[in-house]
Amino acid sequence: MKRAIAITAALLAGACTMIDTQRAAPDDWPRLALYEHHVPVGELWRQCYPAMGLWAKLILATPEGCYRLSFDRMRCDMYFFKGYEDSRVTQHEREHCAGMDHPGDSTLHNAWTKWKTAHPDYKLAQ
């Protein structure tokens with residue numbers, strides 16, 4: 001039983017670090033200013049909890065990092081646990097900021113399409 005739980009936990013942890021390398025970001029994805037914030041665990045939870053999947057919340061997973069996009073300000077803020085450095089987590093969040101979704105997900109594609117629809121003058125502003 002312990003082995004099954006450990007294997008399940010490892011698979012779930014691995015699933016959250018996968019980026020869909022087969023599907024490119026939208027061709028017109030904007031170049032966002034990137035900001036890294038290394039914050040205490042309480043602030044990390046405040047920033048990352050809303051973006052965590054249901055399964056992660058159910059198993060009380062601790063986020064290692066997350067991103068927050070603002071197309072209005074053309075920036076992507078990445079949040080990481082202060083004192084814990086993992087280049088894989090940093091790269092993962094940077095890939096999200098570059099418009100890449102998780103496998104089978106289209107959250108970023110959809111958000112960008114929705115924003116462009118609400119801002120039809122965007123092309124003129126570039």
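Every number in this text was worked out from the coordinates using simple rules, so none of it is lab data. Keep in mind that this is a model prediction, so the values were computed, not measured. We place every Cβ from the backbone using ideal geometry, glycine too, and count neighbours over all the protein chains shown.
Compute, for region 29-101, the length of the dipole vector about the Cα centre, with Cβ point charges of +1 (Lys, Arg) and -1 (Asp, Glu) only. Units Debye, rounded to 20.
On the way: 9 positive and 10 negative charges, 34 e Å.
Approximately 160 debye in magnitude.
Given a Förster radius of 22 Å and the C-beta distance between residue 87 and residue 46 as r, what FRET efficiency does 1/(1 + (r/R0)^6) yield to the nearest 0.05?
Efficiency at R0 = 22 Å is approximately 0.35.
For the pair residue 28 and residue 57, what calculated FRET efficiency results from E = 1/(1 + (r/R0)^6), where r is the Cβ-Cβ distance and R0 = 30 Å, to the nearest 0.05?
0.35
Straight-line reach only, C-alpha to C-alpha below 19 angstrom: list the aspartates and glutamates that residue 114 could link to, leaving out same-chain residues fewer than 8 apart.
Once the sequence-local aspartates and glutamates are set aside, what remains near residue 114 is 27, 28, 72, 101, 105.
Highest mean first, what order results for 54-63, 77-86 on Cβ atoms within 10 Å? If you can, show how the numbers build up before the last one.
Values: 54-63: 11.9, 77-86: 16.3.
Ranked by mean Cβ neighbours within 10 Å, highest first: 77-86, 54-63.
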